Amino acid sequence: MGELKLDLNRLKAERIAKGWDQAEFAHKLGMSRTSYSKRENGLVNISIKELAKMMSVLGFNKDKISIFFTQSVPKRKPKRKVK
């Protein structure tokens, strides 16, 4: 099975869809723009608690959490041709 990874592009897209810049969203989350920016850009990991707050502020309930994740599929090694 592949690895689940937080989709930071989706997080950014949902923020933009609400018409909020990073400063506005950060304020709604109770953090500085710099702190939020580091999270959105993958420089700092987002905790489960922070993700839950982000989802709530964006208007998503916990049943929709899967839209914020992608699953990587492990690459298979190509089969060698037998001569």
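For region 5-31, a residue qualifies if it is small (G, A, S) and within 20 Å of I65 (Cβ to Cβ), and the qualifying residues are A13, A17.
Listed here are the residues, each with its yes/no results for (1) more than 10 Å from the chain's Cα centre (by Cα); (2) among the aromatic types (F, W, Y); (3) at positive phi.
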{"residue": "L4", "(1), (2), (3)": "yes, no, no"}
{"residue": "D21", "(1), (2), (3)": "yes, no, no"}
{"residue": "Y36", "(1), (2), (3)": "yes, yes, no"}
{"residue": "E40", "(1), (2), (3)": "no, no, no"}
{"residue": "S56", "(1), (2), (3)": "yes, no, no"}
{"residue": "G59", "(1), (2), (3)": "yes, no, yes"}
{"residue": "K64", "(1), (2), (3)": "yes, no, no"}
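For region 8-38, give me each residue that is touching a residue at least 24 places away in the same chain (Cβ under 8 Å) and crowded, with 16+ Cβ neighbours inside 10 Å. Across region 8-38, the qualifying residues are L11, E14, R15, F25, K28, L29. Restricting attention to region 1-60, the residues being in a loop (DSSP other than H, G, I, E, B) and not small (G, A, S) number 13.
In this structure, is K81 modelled with pLDDT under 95 and among the basic types (K, R)?
Taking the combined requirement at face value, the residue satisfies it.
Looking across region 1-30 at every residue that is among the acidic types (D, E) and modelled with pLDDT under 95, the one that is nearest to L43 (Cα to Cα) is identified as D7.
The values are calculated or read from the model by the stated rules, or taken from the named source; none is laboratory data. Just so you know, these numbers come straight off a predicted model, no measurement behind them. With ideal geometry, Cβ positions are generated from the backbone for all residues, glycine too; neighbour counts draw on all protein chains shown.
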